[in-house]
Amino acid sequence: MEYFLILGKNHSLSSAEIAAVFKRMGVDVIFITVSSEAIVFQTSKEINASDLMARLGGTVKIGKIIKTEGRVEAHAYANVVSKNLTRGKKVHFGFSLYKIDEGVGNQKIRKLLQEIKKVGMKIKNELKQKGFASRWVTGKERALSSVIVKKNKLLDEAGTELVILVGKDKIYLGKTLAVQEFEEYSFRDYGRPKRSMKVGLLPPKLAKIMINLAEVNFDQTILDPFCGFGTILGEAMLVGYQNLIGSDINPETLAGAKENLEWLKKNYKLQMTNYKLIEVDAQEISKKLPLQSVDAIVTEPFLGPPLLGSEPPEKIQQIIEELSKLYLNAFLEFKKILKPNGKIVILFPLFQVRSRNFFLPILDKIKKIGFISEDFFPKEFRKYPFLKITPRNSIIYSRPDQIVWRELFIFKTNY
């Protein structure tokens, strides 16, 4: 069976997460093609698209490959739309076009979009002849967003999103089975009881990606030593992790984390979880936790004070020195409480000020403490140049107009 995955905006992070999740699930997967927009893969087992989507944070759509062909074929597409229709229900269908080969040119895309317009009209005519009213859902871009797909009933019983995956020599026809639950992410981000710009706003999607990159089993222990209001802990709960620890130096923040986690348990009817919250400075956390008791640390530490972007280099260097000390002291503690082969998935700040990049210059010292930087991608992914890894073996996560970007690392104990 062949399936496709449509990647989020940060395709490097999305791809790394997908590889990690399949490895963690023990799913035997052959990656047929990987692009900056989509992945097509083959597996011997049927995939539950809804369950897989609930697990992933960086994937926009999941679907099944229906047919592989060299061109857009109206009759085949109409047959996909016509299956399992119920009399009296209005049919909804739409098209999305994605590249599965970086070499596909704009001229080919424009030609296919023109062909799709003809195919859409033929589908409407065929449905009309069969006695079905229909609505062709369109958008401004060549691909429909997950919002459009969900709100226009393309995932309902009488709905179909036809996904056309374009390569140099072949075209895959797919049908979308699940899309990212954008409303749920918004609810968990903006609807939770405690939320503060001062504490930080780690996006729930990014938190879930980080958890998946840790590749730990559901019964193993995850620690967030800078837990803030509990975003990482909450996403781990929803995925199914049973042993969670959060710590923070601020008692008011910890109280907010507890309120948010209990709110999640109530709203999502979670039967677990064995979580505990500890008030402690991350630089002294070994005083509160047993040695070698944690399987993975997933965290976003303090990224520094708010900036305007006009600060002089001297000010940025001062911030970097202070943060470097905090991070290194924390890593010394992490070494004490992590089990052998334990992992750290962590965000560093990357300051974009006056057209200059300022990094935390602490990687060599982290290595001396006893950690090695781990690769994000399996061997078969490393041949794709569009998967962006920095010379520091990190992936950058940023949003437009941000001064402080996030630099994501995976470290593993080297003992």
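The values are calculated or read from the model by the stated rules, or taken from the named source; none is laboratory data. Note that the structure is predicted; figures quoted are calculated from it, not measured. Glycine also receives a Cβ, built like all others from the backbone with ideal geometry; neighbour counts cover every protein chain displayed. What goes into the accessible areas is simple: the full protein's heavy atoms, side chains included, and nothing from ligands, DNA or RNA. Shrake-Rupley method; radii C 1.70, N 1.55, O 1.52, S 1.80 Å.
Close amide H contacts of L97 (hydrogens built in the peptide plane, cut-off under 5 Å, sequence separation of 5 or more or a different chain): A143, L144, I164.
Computed from backbone phi, the HN-Hα couplings of the range 153-169 come to 6, 6, 9, 6, 4, 9, x, 8, 9, 8, 9, 9, 9, 9, x, 5, 10 Hz, rounded to whole numbers (Karplus: 6.51 cos²θ - 1.76 cosθ + 1.60, θ = phi - 60°; Gly and Pro given as x).
Could you give me D for the range 108-211, from Stokes-Einstein at 37 °C and 0.692 mPa s, where the hydrodynamic radius is the Kirkwood radius over C-alpha pairs? Units µm² s⁻¹, please.
Details: Rh = 16.9 Å.
Value of D from the Cα-based Kirkwood radius: 194 µm²/s.
Put a plus charge on the Cβ of each Lys and Arg, a minus charge on the Cβ of each Asp and Glu, and nothing anywhere else: the dipole of the chain about its Cα centre is then about 1620 debye.
Would you please name the GluC sites (Glu not before Pro) within the range 324-415 that are DSSP coil residues with at most 10 other C-beta atoms within 10 Å of their C-beta?
none
If you filter the range 168-275 for trypsin sites (Lys or Arg not before Pro), then keep DSSP loop positions with at most 13 other Cβ within 10 Å, what is left? Each step should come with its number before you reach the end.
On the way: sites: K168, K170, K175, R188, K194, R195, K198, K205, K208, K258, K265, K266, K269; in loops: K168, K170, K194, R195, K198, K269.
Taking the range 168-275 and a limit of 13 other Cβ atoms within 10 Å, the loop trypsin sites (Lys or Arg not before Pro) found are K168, K198, K269.
Based on protein heavy atoms only, the range 146-229 ends up with 40 Å² per residue of surface accessible to a 1.4 Å probe.
Between their Cα atoms, which of K151/K383; K122/K205; K9/K343 are more than 30 Å away from each other? K151/K383; K122/K205, as the Cα separations exceed 30 Å there.
According to the Cα-based calculation, Rg over Rh for the range 185-334 is 0.98, with Rh computed by the Kirkwood formula.
Seen against the Cα atoms of the chain and their longest principal axis, helix 106-129 is set at about 60 degrees.
With the charge dipole of the chain set up from +1 on Lys and Arg Cβ and -1 on Asp and Glu Cβ about the Cα centre, the Cα lying farthest toward the positive end among the listed residues V104, L408, A257 is that of V104. Between the alpha-carbon centers of the range 120-151 and the range 204-236, tell me the distance in whole angstrom. Each part's Cα centre sits 39 Å from the other's.
Per residue, the range 1-113 exposes 44 Å² of accessible surface when a 1.4 Å probe is rolled over the protein heavy atoms with every protein chain present.
Principal axis extents of the Cα atoms in the chain, from largest to smallest and rounded to whole angstrom, are 74, 45, 42. In terms of its C-alpha gyration tensor, the range 280-401 comes out oblate, because a/c is 1.5 or above while a/b does not outweigh b/c.
Candidates I164, P203, T221 compared by Cα position along the dipole of the range 148-222: farthest toward the positive end lies P203, with charges placed on Cβ.
Counting only DSSP beta bridges with both residues in the chain, what percent are antiparallel, rounded to the nearest 5?
Numbers: 46 of 75 bridges.
Rounded to the nearest five, the antiparallel share is 60 percent.
Basic side chains Lys and Arg get +1 at the Cβ, acidic Asp and Glu get -1 at the Cβ, and with that the dipole of the range 260-415 about its Cα centre reaches some 520 debye.
Assign one of three labels to the range 335-415, namely rounded, prolate or oblate, based on the Cα gyration tensor with a ≥ b ≥ c the square roots of its eigenvalues; rounded applies when a/c is under 1.5, prolate when it is not and a/b is larger than b/c, and oblate otherwise. Please list the in-between numbers first.
Details: a/c = 2.33, a/b = 1.34, b/c = 1.73.
It comes out oblate by the Cα gyration axes.
Candidates L291, V81, Q317 compared by Cα position along the dipole of the chain: farthest toward the positive end lies V81, with charges placed on Cβ. Just need the relative contact order of the chain here, percent rounded to a whole number, with Cα pairs under 8 Å and 6+ apart. Answer for the chain is 15 percent. Between helix 11-25 and the chain, what is the angle of the helix's C-alpha long axis to the longest principal axis, kept within 0 to 90° and rounded to the nearest 10? With both axes taken from Cα atoms, the answer is about 90 degrees. Extending 7 Å from Cα along the Cβ direction at N79 and again at E102 yields two label points whose distance is 3.6 nm. Taking all protein chains in place and a 1.4 Å probe, what share, in percent, of the accessible surface of the chain do carbon and sulfur account for? C and S atoms contribute 49 percent here.
Skip the ligands, DNA and RNA, and give the accessible area per residue of the range 259-306 with a 1.4 Å probe, whole Å². Don't skip to the answer; put the middle values down first.
Details: 2630 Å² over 48 residues.
Value returned for the range 259-306: 55 Å² of accessible area per residue.
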